[in-house]
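Novice: Pasting a structure here, questions to come.
The values are calculated or read from the model by the stated rules, or taken from the named source; none is laboratory data. Remember, it's a predicted structure, so these values are computed and weren't measured experimentally. Positions of Cβ are generated from backbone atoms using ideal geometry, with glycine treated the same way; all protein chains shown enter the neighbour counts.
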């Protein structure tokens, strides 16, 4: 039987746990049957769910076209140009400042009747190493350079100094400072991890980038260095990261996207 073309198209809004998405779809209600799901799918996210069951869940959703993120072509780009990275940029900088200034820990200690636990870390003149210098990496680097006077070094597998210079120009920055040093200086992976005071990860997760940060890289970091990953958790080898935390090889770390097994170890106190 041919499909009933008069029936409304079904639209599912997933993961709207903050209740902020529905209003943006009001104009579609005349042509779409809209259902909002405020919670994630427990069968998929539960650690006891096998890969086979997960695959079955995905098969039930087909046919579909997966999108890593929403493109900003057409009217959206004209109305709000280059606003995509803002939220993640702000979150990344908040995490960096939170670790450097001991904000969360000192807040907890003071609320329990104590006082500050240690001296905070100043960022002026320190080095930010960004793993990836796309829109997000550049956005974070620009703010940390202009607002806090940090030196910027960058690495990714195909990043060239010419491309980094172009990113600087595209974002209203000079390519060199008054001392003739590159504003966004491309370095080797080893140099980035061994010299950066803050390492911030901004890569897309794929087959080539999965586990791209491992034990060797983390071992190179200064014990005073901070590590922030607001990209995907599996970019970092979780066992290597857990080992680095347990051994105190790096001073502080924050993530936005964690690997589930690592989350469990952190919550249980193993990390």
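Novice: Anything in region 147-162 that is out of contact with any strand residue (DSSP E or B) (no Cβ under 8 Å at 6 or more places or on another chain) and either outside the structural domain of residue 128 (by TED's automatic domain parsing) or surrounded by 13 or more Cβ atoms within 10 Å (Cβ to Cβ) (or both)? List them, or say none.
Specialist: 148
Novice: While we're here: Does residue 226 satisfy being modelled with pLDDT under 95, under 14 Å from the mean Cα position of the chain (by Cα) and assigned by TED's automatic domain parsing to the domain that holds residue 138? Reasoning before the result, please.
Specialist: Details: modelled with pLDDT under 95: yes; under 14 Å from the mean Cα position of the chain (by Cα): no; assigned by TED's automatic domain parsing to the domain that holds residue 138: yes.
No; evaluated as a whole, the condition is false for this residue.
Novice: For region 1-97, please list each of the helices (runs of 4 or more DSSP H) lying entirely inside it that holds at least 2 residues being surrounded by 11 or more Cβ atoms within 10 Å (Cβ to Cβ), more than 26 Å from the chain's Cα centre (by Cα) and modelled with pLDDT of 65 or more.
Specialist: Per the criteria, 51-61.
Novice: Determine whether region 121-132 contains at least one residue that is within 23 Å of residue 190 (Cα to Cα), without any contact (Cβ under 8 Å) to a residue 60 or more places away in the chain and crowded, with 20+ Cβ neighbours inside 10 Å.
Specialist: No - not one qualifying residue is present in region 121-132.
Novice: Given (1) touching a helix residue (DSSP H, G or I) at 6+ places or on another chain (Cβ under 6 Å); (2) touching a residue at least 40 places away in the same chain (Cβ under 8 Å), identify the lone condition not met by residue 196.
Specialist: (1)
Novice: Does any residue in region 209-225 that is on the phi > 0 side of the Ramachandran plot come within less than 7 Å, Cβ to Cβ, of a residue that is in a helix (DSSP H, G or I) six or more places away or on a different chain, and which pairs are these?
Specialist: 211/234
Novice: Kindly provide the set of residues from region 187-207 that are surrounded by fewer than 18 Cβ atoms within 10 Å (Cβ to Cβ), at pLDDT 95 or above and over 21 Å from residue 248 (Cα atoms), ordered by number. Explain how you work it out, then say what you get.
Specialist: From region 187-207, those surrounded by fewer than 18 Cβ atoms within 10 Å (Cβ to Cβ) are 188-191, 194-195, 204-207; that's our starting set.
With at pLDDT 95 or above added as a condition, the list becomes 188-191, 194-195.
Correct list: 188, 189.
Novice: From 173, 159, grab the single residue that is assigned to a loop (DSSP other than H, G, I, E, B) and closer than 17 Å to residue 148 by Cα. Step through it out loud before you land on a result.
Specialist: Working: 159 fails: closer than 17 Å to residue 148 by Cα.
Criteria check complete, one pass: 173.
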